[in-house]
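The values are calculated or read from the model by the stated rules, or taken from the named source; none is laboratory data. As the structure is a prediction and not an experimental result, all values here were calculated from the model. Every residue, glycine among them, receives a Cβ derived from its backbone with ideal geometry; neighbour counts consider all protein chains shown.
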Ligand SMILES: [Zn+2]
């Protein structure tokens, strides 16, 4: 809502600049989006008097005009507007002027004819297209005949006013009007406001004999009409047009303009019907019947149903109540009798109707938020009065009323101690009473208890907390002290799960992976990939796009999307991890369960290639090293094993392992299947995905001290040739089982399956370390143990010791 | 020539030879030739037996002196030469210290995570718990118990991803207010919590909108919590995140679940409060919404609003990060361009 600074000043004796007023409003009532002075940025734009118009010799639409701009000699200006005519007062942008969008106007030639400036349309000096009167929409604007050539145009057009654009929150419907804003400003500045008192001259016959209105109080708690005859449609006077276009409304004619003006002033939407188009003398407020149709003012056609409130005559709907009037009964050329409607419609119906018919109008916005239910008749009277003054209308005697349920004002009890206890202030009873009184409340005190009667127009105030807000904001939030909560002490501590999640992130970052946060909503295809367990998908009912329509059931695909994004931007080395939730759903249950997962994905090289570090493309074992180190950091209690899995559809069948802790599968790792990688448009990528919740829930080892032996260790190396099918795990398990009491560790130090070994075989070499913690080991004992192991390797695994 | 003179001559000649020696091999030869068993000093000493008993010890002492002196000179020369060899070797080993260091594997936390951790740590220090709630919520908690009944006009303010009529992607972290209020045992102490997490809105992604972003909810409920406590708490938060120079101001606003409701602005980073394009010439930037918990919210969660009350606030880490670092496109946070992720490496 754009509110005029000048209009405010007509009612309130304010001595502040527009920018300061806007700041005050923002600090005390509602947000201000902008303060605009329409003439800002414009230069040398004056009134011109067209002395003559001649056709351009080389053009069929240009005219050569001599224009008096208040100087000794007229200017010659070439103008292409179809509506240019001799004797018009027009808007002239002089040579050297600036018009809208910072465009500079210079002397020029148009088809060989010199032109000193430009005759302007309103749009060219910054008026939005939708406020320009229709008559001038496609041509230049014609100024009032009494405008003086050479004067700047701004004051004639209301462009030196400042317009404060309020962003009114849903609770403050009262601020969608001049009067509502004035009430608030009166409290903010502690200044009196003098409101107008409408005086209707009822010169016509009794309305009751000409019109009857019927309404259901549930649909329209208030419904009333006045009737004005013999109106003379005409353009509104300049001052009224200025009020309207500065507020963002297009001036149409005096009758329609009056209804818009009253809405801006009082916040009460009105509708003007052409009474002579009514079928019969009765007007009904009712729900629509199935099959009924209505063409609204904007020429939109609407199918109605029983959720819609309509205004109807004897035959059919004539308006969508509170939203928009019908085209058939609209004010149009030839209208002489006007029925003015002022009403309060039930807000919920209006909100839904506006949504259903996609008609969010200024009227519907105000009815949704609630209008001043104590001011309906006043607004109606003010409109009738203006129709006499501006359209020579003959107001018929009386108002027809269908319903008149003005609500009782809210009465709220509040105590001074409560006010100060909640706000943390030490306000006196006088201060509080004064604030509430300036807001228009009646305050009765009984000891420290205040009984506050709230004006009906403030339909947002019902409970003591609402009054606290009023007191706090008018008192000023800057004056509120700043303290910290006191009272009983509490401990602030992360839970074990939260600590583990933080440790997880730190561990993986330490291992070289960057934290990613990807979208949890993805495509149905991606949601279903890399599944750790069977699950139904969870879909959005109304997604914005198929890219983000289904909740993920894996974290990896998000990371693959990230890698694709990097790859498309020529970033080839990417190492990412993500900690987040996956959403598993059981059939027949609407709500999925949310599980914490952790996943990683690496493509290219983990370490950046450098002058002293040759490129080492990421491989299975590098990622396995990361997973091993991470699980070691988490100290899961139990053997971690890696078991080849050839059956995960999105993974490389020969390069994928399930990750088991104590035999329990907690995740998998390996290379993404090349076909899937291709689908994502990425290169070879290695990934892991772990059920973080499972890791959180597992028992953990505590750190403990183990004595470091003083006695020397002895090592023996063994190299062997085995069949390809024999795994490292089998060999290590056998060595550990048969290694004897002093075997401390087995370490693989070489794997070879190149040309020097027979086909179907591979060569493995291990270092075995022996140590006695309590004595020096005898070489013989080691040799004995070692030979035993060698024999076992030969016997059990068919190894050929080399 | 007396023995003494001979010795003196030997001494001088010896010192000269030592000085002349060019490498360790030379030094060794000089040592053997001077002090060896067949060397001149031994020979001279052998001639001592011809001396009288009276002279013998004097000459003997002198000879020892000379031998010690030559030995010391040899040692010194050896050390000099050894140092020279070492220095030459080290000089040979010189490297270009300006070549870059070998890369190490190092990952970075996401900038949003860094801000969330910072907020968590601040409030943990003030005795708050950190709680996390479901991202797929019930309409009941996301809206109804937050004082937004089914037909509330403010529901239009947030477009919601519904899954079914009653199940939705949470549009805010506020449902955690209702969830914790329902379960908190006030006999055990006040409720002080923050709840960070992901929220979702039915928006088209563009530089300033994202269908997924983050929020941190804060809630304090006890018997004597004031709006001044809210103001003080938000000040601490702003100082922690942005620095002590930043002021906080409150403005009236509207949220269905708080009354009074406020919006908090902080001093503009870009201009320090003078007014610029970023802050639309106000000198202030809106950073969060807050207020005193609405009595209806307490009542619906089974907490007596006549006894208990307090404040709630909701902050947006995405917005903070955008403001703090001048990030001009919110989508950067969710596309994970490594060149973006690697920009926020400062620790502590
Ligand atoms: Zn600024």
* **Conditions (1) within 13 Å of chain B (Cβ to nearest Cβ); (2) outside any loop (DSSP other than H, G, I, E, B); (3) out of contact with any helix residue (DSSP H, G or I) (no Cβ under 6 Å at 6 or more places or on another chain); number of the one not met by residue A:544** => (2)
* Among A:601, A:575, A:615, which is surrounded by fewer than 19 Cβ atoms within 10 Å (Cβ to Cβ) and either more than 29 Å from the chain's Cα centre (by Cα) or without any contact (Cβ under 8 Å) to a residue 12 or more places away in the chain (or both)? -> A:615
* Asked: Taking segment B:24-48, which residues are surrounded by 15 or more Cβ atoms within 10 Å (Cβ to Cβ) and in a loop (DSSP other than H, G, I, E, B)?
  -> B:39
* To do: Need at least 1 residues that are free of Cβ contacts under 8 Å to residues at least 24 places away in the same chain per element, so show me which strands (runs of 3 or more DSSP E) inside segment A:680-779 make the cut, counting only ones lying wholly within it.
  => A:743-752
* Return yes or no: is residue A:157 closer than 17 Å to residue A:21 by Cβ and outside the structural domain of residue A:230 (by TED's automatic domain parsing)? => no
* Does at least one position in segment A:220-241 carry a residue that is part of a helix (DSSP H, G or I), buried (at least 21 other Cβ atoms within 10 Å of the Cβ) and either under 34 Å from the mean Cα position of the chain (by Cα) or without any contact (Cβ under 8 Å) to a residue 40 or more places away in the chain (or both)? -> no
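Listed here are the residues, each with its yes/no results for (1) touching a strand residue (DSSP E or B) at 6+ places or on another chain (Cβ under 9 Å); (2) away from chain B (no Cβ under 14 Å); (3) under 18 Å from residue A:470 (Cβ atoms).
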residue: A:362; (1), (2), (3): no, yes, no
residue: A:387; (1), (2), (3): yes, yes, no
residue: A:402; (1), (2), (3): yes, yes, no
residue: A:415; (1), (2), (3): yes, no, yes
residue: A:419; (1), (2), (3): yes, no, yes
residue: A:425; (1), (2), (3): no, no, yes
residue: A:437; (1), (2), (3): yes, yes, yes
* Return a yes/no flag: does segment A:437-451 have any residue that is at pLDDT 95 or above and part of a helix (DSSP H, G or I). => yes
* **Unmet criterion (only one of (1) away from the ligand (no atom under 16 Å from the Cβ); (2) within 11 Å of chain A (Cβ to nearest Cβ); (3) surrounded by 19 or more Cβ atoms within 10 Å (Cβ to Cβ)) for residue B:204** => (3)
* Asked: Is there a residue being out of contact with any strand residue (DSSP E or B) (no Cβ under 9 Å at 6 or more places or on another chain) and in contact (Cβ under 8 Å) with a residue 12 or more places away in the chain anywhere in segment A:515-527?
  -> no
* Which one of these is surrounded by fewer than 19 Cβ atoms within 10 Å (Cβ to Cβ), within 16 Å of the ligand (Cβ to nearest atom) and under 21 Å from residue B:233 (Cβ atoms): B:280, B:324? -> B:324
* In segment B:247-277, the residues that are within 12 Å of the ligand (Cβ to nearest atom) and either facing chain A (nearest Cβ under 10 Å) or in a loop (DSSP other than H, G, I, E, B) (or both) -> B:265, B:268, B:269, B:270, B:271, B:272, B:273, B:274, B:275, B:276, B:277
* Asked: Considering segment B:54-70 alone, what residues qualify as being under 22 Å from residue B:30 (Cα atoms) and in contact (Cβ under 8 Å) with a residue 40 or more places away in the chain?
  -> B:62, B:63, B:66, B:69, B:70
* Asked: Which of the helices (runs of 4 or more DSSP H) contained wholly in segment B:285-348 include at least 1 residues that are touching a residue at least 12 places away in the same chain (Cβ under 8 Å) and more than 11 Å from chain A (Cβ to nearest Cβ)?
  -> B:295-300, B:317-325
* Does any residue of segment B:227-241 turn out to be in a loop (DSSP other than H, G, I, E, B), at the interface with chain A (Cβ under 8 Å from one of its Cβ atoms) and over 30 Å from residue A:543 (Cβ atoms)? -> no
* Residue among A:401, A:371 that is surrounded by 21 or more Cβ atoms within 10 Å (Cβ to Cβ) and either touching a residue at least 12 places away in the same chain (Cβ under 8 Å) or more than 30 Å from residue A:197 (Cβ to Cβ) (or both) -> A:371
* Matching strands (runs of 3 or more DSSP E) fully within segment A:1-65 where at least 3 residues are within 14 Å of chain B (Cβ to nearest Cβ) and either touching a strand residue (DSSP E or B) at 6+ places or on another chain (Cβ under 7 Å) or without any contact (Cβ under 8 Å) to a residue 40 or more places away in the chain (or both) -> A:31-36
* Asked: If residue A:551 passes every condition in (1) within 17 Å of residue B:163 (Cβ to Cβ); (2) surrounded by fewer than 24 Cβ atoms within 10 Å (Cβ to Cβ); (3) at the interface with chain B (Cβ under 9 Å from one of its Cβ atoms) but one, which one does it miss?
  -> (2)
* **Residue that is closer than 30 Å to residue A:545 by Cα and either in contact with a helix residue (DSSP H, G or I) (Cβ under 9 Å, 6 or more places away or on another chain) or within 16 Å of the ligand (Cβ to nearest atom) (or both), where the choices are B:215, B:177** => B:215
* Asked: Which of the residues that make up segment A:484-501 are at the interface with another protein chain (Cβ under 7 Å from one of its Cβ atoms), crowded, with 17+ Cβ neighbours inside 10 Å and either touching a helix residue (DSSP H, G or I) at 6+ places or on another chain (Cβ under 7 Å) or touching a residue at least 60 places away in the same chain (Cβ under 8 Å) (or both)?
  -> A:485, A:492
* Structure fact -> Just one listed residue, out of A:512, A:447, A:487, is assigned by TED's automatic domain parsing to the domain that holds residue A:553 and on the phi > 0 side of the Ramachandran plot, and it is A:512
* Structure fact -> When (1) surrounded by fewer than 18 Cβ atoms within 10 Å (Cβ to Cβ); (2) farther than 24 Å from residue A:561 by Cβ; (3) in contact with a strand residue (DSSP E or B) (Cβ under 9 Å, 6 or more places away or on another chain) are applied to residue A:642, the one that fails is (1)
* What are the residues in segment B:212-247 that are over 18 Å from residue B:196 (Cβ atoms) and crowded, with 23+ Cβ neighbours inside 10 Å, if any? -> B:221, B:225, B:226, B:227, B:229, B:230, B:231
* Could you identify the single residue in B:9, B:80 that is assigned to a helix (DSSP H, G or I), more than 60 Å from the chain's Cα centre (by Cα) and surrounded by fewer than 16 Cβ atoms within 10 Å (Cβ to Cβ)? => B:9
* Asked: Of all the residues that make up segment B:97-140, how many are within 11 Å of chain A (Cβ to nearest Cβ) and outside any helix (DSSP H, G or I)?
  -> 25
